[in-house]
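Novice: Would you mind keeping the following structure in view while I ask a few things?
The values are calculated or read from the model by the stated rules, or taken from the named source; none is laboratory data. A quick note: this is a predicted structure, and the numbers were derived from the prediction, not measured. Neighbour counts run over all protein chains shown; Cβ positions are idealised from the backbone, glycine included. In case anyone asks, the SASA skips ligands and DNA or RNA and just uses the protein heavy atoms, side chains included. Shrake-Rupley method; radii C 1.70, N 1.55, O 1.52, S 1.80 Å.
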Amino acid sequence: MKTMLCIQNVDILTPEPWGKGCVVLREGRIAGLSQRVDPLPEMEVIDGQGLTLAPGFIDLHVHGGGGYGVMGGSPEEIRRMCAAHARHGTTSILPTTLAAPLPELAKAVDAVRAAQEDCPCCNILGIHLEGPFLSPRQSGAQNPENLLTYAGHEGEARELLDRWKGIRMVGAAPELPGGLELGRELARRGIVASAAHTDADYDTMQAALACGYQDITHLYSGCSTVIRRDGYRIPGVVEAGLELEDYTVQVIADGKHLPPALLRLIYRCKGASRIELISDGLEYAAGELAEGALYRQANGMEALYEDGVMKLPDRQAFAGSVATSSRLVRTMRDAGIPLCDGVRMASLTPAQRLGIGDRKGRIAPGYDGDVILFDQEISVRLCVTGGRIVRREGL
């Protein structure tokens, strides 16, 4: 039985450009990088055919994939969702809920915890609760009937947060009653507080930083921007995210939610170390869809698939994406952003946001053996999670 894996003849991104060479994995970790390695009897050798080898992608915000989703409450559905995204290079994932009644969110937490115990294709890093403490003014495809304020529900919310230490990120609107208090509670627990579906103004976002908020969910989507009031311009969440250095920002780089000019603007304002590429993928992501078909989400909201994106039926707003992480990196590359930075925004930066950048998101000795190999179209040809080959095509 082979106990080592050597991927040779590859162009290595660590995510910084390293050059051509080979990477050796042993016992689920990266053992080393070199220009060449003499094969050993215990080593399986894969010829990378000059393709690009990079750290596995990390998706911090994804609701489903392959026809399966988090809100189904089934560990098997979550494992299948993870498998769908692993085929496109996502080696680590933070399954993400929709806004729902607190008992339903508790079931989702339990399901993700159970799925984490046995998911060989993808590392389940925990769970991301998007809601229910979101603004009705920026609800988007979240069901308005399921939205709450933290004020008045503190006890129930704390019970939910107590349910599992694997709750890693919570999206909430800081301007709602109790929103700043929730930020402090999340910070106390070491949970990333992300300003999500929020109509806050710049001053509130500045105050939120001092109350534990560190991140902004899908910048430009479900958040306020500059308005005029009595002739004065009032900046919103978008401007706060771009201008305030301490915020990281999630970006849906599916080529539909944001045009190339805005992707370049965010990149120039924040840099690759402050941007996390997210799919915000729904159940329909990483699968086959029929153009013009109407789908019903797990939260009861309908979404129309058209032109490579999900839309609300009135076509006045998007309703989530069908993207994969590989598509996000390709979109950023095609927008003129260096490939190494696109890879960083889909690997190392998300890892650092969760505090695991010392073991994931890099091709370096001692790091987890999560690596991918892709071609010029960022189509994933090899996916390795924890040293296990999950996808291998034409190699």
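Novice: Mind checking which strands (runs of 3 or more DSSP E) fall wholly inside segment 190-268 and carry at least 1 residues that are within 17 Å of residue 130 (Cβ to Cβ) and open to solvent by 50 Å² or more (accessible area, probe 1.4 Å)?
Specialist: 213-216
Novice: Among the residues of segment 1-36, which ones are in a loop (DSSP other than H, G, I, E, B), of a type outside the set (A, V, I, L, M) and over 22 Å from residue 349 (Cα atoms)?
Specialist: Listed by number, the residues that qualify are 2, 3, 27, 35, 36.
Novice: With the condition kept exactly as written, say whether any residue in segment 54-74 is open to solvent by 10 Å² or more (accessible area, probe 1.4 Å), at positive phi and among the polar types (S, T, N, Q).
Specialist: No, every residue in segment 54-74 fails to be open to solvent by 10 Å² or more (accessible area, probe 1.4 Å), at positive phi and among the polar types (S, T, N, Q).
Novice: May I pose another question? Within segment 326-356, how many residues are farther than 18 Å from residue 266 by Cα and open to solvent by less than 20 Å² (accessible area, probe 1.4 Å)?
Specialist: Result for segment 326-356: 4.
Novice: Pick from segment 269-300 the residues that are of a type in the set (Asp, Glu) and under 27 Å from residue 104 (Cα atoms): which of them is most open to solvent (accessible area, probe 1.4 Å)?
Specialist: 283
Per-residue answers, yes or no, for (1) in contact (Cβ under 8 Å) with a residue 12 or more places away in the chain; (2) of a type in the set (Ser, Thr, Tyr); (3) in contact with a strand residue (DSSP E or B) (Cβ under 7 Å, 6 or more places away or on another chain):
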| residue | (1), (2), (3) |
| --- | --- |
| 5 | yes, no, yes |
| 17 | yes, no, no |
| 20 | yes, no, yes |
| 27 | yes, no, no |
| 38 | no, no, no |
| 42 | yes, no, yes |
| 51 | yes, no, yes |
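Novice: If you scan segment 1-50, which residues turn out to be buried (at least 16 other Cβ atoms within 10 Å of the Cβ) and hydroxyl-bearing (Ser, Thr, Tyr)?
Specialist: Within segment 1-50, 14 is the sole residue that qualifies.
Novice: Restricting attention to segment 302-324, does a residue exist that is open to solvent by 40 Å² or more (accessible area, probe 1.4 Å), under 25 Å from residue 375 (Cα atoms) and touching a helix residue (DSSP H, G or I) at 6+ places or on another chain (Cβ under 6 Å)?
Specialist: No, there is no match, as no residue in segment 302-324 is open to solvent by 40 Å² or more (accessible area, probe 1.4 Å), under 25 Å from residue 375 (Cα atoms) and touching a helix residue (DSSP H, G or I) at 6+ places or on another chain (Cβ under 6 Å).
Novice: Let me spell it out: the conditions are (1) under 20 Å from residue 60 (Cβ atoms); (2) not in a strand (DSSP E or B); (3) not hydroxyl-bearing (Ser, Thr, Tyr), and residue 390 meets all of them except one. Which number is the exception?
Specialist: Result: residue 390 fails condition (2) only.
Novice: Here are 116, 138: which of them is open to solvent by 30 Å² or more (accessible area, probe 1.4 Å), closer than 30 Å to residue 87 by Cα and touching a strand residue (DSSP E or B) at 6+ places or on another chain (Cβ under 7 Å)?
Specialist: 116
Novice: To continue, here is another question. So, in segment 167-189, exactly how many residues are over 28 Å from residue 114 (Cβ atoms) and either in a helix (DSSP H, G or I) or in contact with a Gly (Cβ under 7 Å, 6 or more places away or on another chain) (or both)?
Specialist: 7
Novice: Restricting to segment 360-395, count the residues that are open to solvent by 40 Å² or more (accessible area, probe 1.4 Å), closer than 14 Å to residue 25 by Cβ and under 19 Å from the mean Cα position of the chain (by Cα).
Specialist: Qualifying residue count, segment 360-395: 1.
Novice: For segment 241-269: of the residues being of a type in the set (D, E, K, R) and in contact with a strand residue (DSSP E or B) (Cβ under 6 Å, 6 or more places away or on another chain), which is farthest from residue 338 (Cα to Cα)?
Specialist: Once the filter is applied, the top-ranked residue is 256.
Novice: Let me ask something else about it. Scan segment 266-273 and tell me whether some residue there is under 21 Å from the mean Cα position of the chain (by Cα), within 12 Å of residue 321 (Cβ to Cβ) and aromatic (Phe, Trp, Tyr).
Specialist: No - not one qualifying residue is present in segment 266-273.
Novice: Looking at 359, 333, 315, 353, which is the one that is among the basic types (Lys, Arg) and either more than 25 Å from residue 63 (Cα to Cα) or touching a residue at least 60 places away in the same chain (Cβ under 8 Å) (or both)?
Specialist: 353
Novice: Quick one: what pairs do we get from segment 145-168, first residue over 12 Å from residue 129 (Cβ atoms) and modelled with pLDDT of 95 or more, second open to solvent by 50 Å² or more (accessible area, probe 1.4 Å) and not in a loop (DSSP other than H, G, I, E, B), C-beta under 6 Å, 6+ apart or different chains?
Specialist: Going by the 6 Å Cβ cut-off, the qualifying pairs are 147/136.
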